[in-house]
Amino acid sequence: MSPPTASGEPVRWSAATVHPDMWVDADADPRDTRTELVDERGTLAEYLRAYRITLQMKCADLDATQLALRSVPPSTMSLLGLVRHLAEVERYWFRAVMAGESAPRLYSPDGQRGGDWDGAVADDDVVAEAWQHWRAEVASAERLVDGAVDLDVVGRMRDGQSIRLREVLVHMIEEYARHCGHADLLRECIDGRVGQ
């Protein structure tokens, strides 16, 4: 990593040596398992797995202050906020909607909104808790998907509308893709690291 510019802004850099627009070189990229995608469930699960890893990669090697940095005022979005938000999203769609569990919000109780973002403060305990929640929700989601008879399993949203597991998986891929794009920009503002 290069020292910041005279204006204090980070210099763009990548850990990749072959293709500088990549995060890491292909042989070191944990997202590529070389798994042949032959069916719908496997394809959706593999894409979602890769996006979950992308989120982790974009947050790697940062301290609590960097993770909590809100680099585009007046937005409350930060990398730490993204981890907390995606834990909530995983929890809602897989526990509440698909499993029918009582799954109160982790960060915004009693119908409040924005706790996932607002509570993303520069504190090591807050960071550890966010990752713990996110990992627990991802593990729960993976168990549900692995155990589902097929992708036609039906869940119920808060408004009573039904939704199939297939659509939830597509939505989760969309959700992660959107937020990993945010993570790209947030990380570049923090220390200049770029890459897909």
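The values are calculated or read from the model by the stated rules, or taken from the named source; none is laboratory data. What you see is a predicted model; the values in this text were computed from it and never measured. Note that each Cβ is placed from the backbone with ideal geometry, even for glycine, and that neighbours are counted across all protein chains shown. Just the protein is used for accessible areas: all its heavy atoms, side chains included, with ligands, DNA and RNA removed. Shrake-Rupley method; radii C 1.70, N 1.55, O 1.52, S 1.80 Å.
Annotations for the structure displayed:
For (1) touching a helix residue (DSSP H, G or I) at 6+ places or on another chain (Cβ under 9 Å); (2) closer than 23 Å to HIS171 by Cα, each residue gets a yes or a no:
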| site | (1), (2) |
| --- | --- |
| TRP13 | yes, no |
| HIS19 | yes, no |
| MET22 | no, no |
| LEU62 | yes, no |
| ARG70 | yes, no |
| HIS85 | yes, yes |
| VAL97 | yes, yes |
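- Assessment of the range 134-153 against the conditions (touching a strand residue (DSSP E or B) at 6+ places or on another chain (Cβ under 6 Å) and not polar (S, T, N, Q)) yields at least one matching residue.
- Residue list for the range 23-72, filter: in a loop (DSSP other than H, G, I, E, B), surrounded by 14 or more Cβ atoms within 10 Å (Cβ to Cβ) and of a type in the set (Gly, Ala, Ser): ALA68, SER71
- Complete set of residues in the range 5-32 that are among the polar types (S, T, N, Q) and at pLDDT below 80: THR5, SER7
- In summary, helices (runs of 4 or more DSSP H) completely within the range 83-196 and bearing 2 or more residues that are modelled with pLDDT of 95 or more and open to solvent by 20 Å² or more (accessible area, probe 1.4 Å) occur at 124-147, 165-191.
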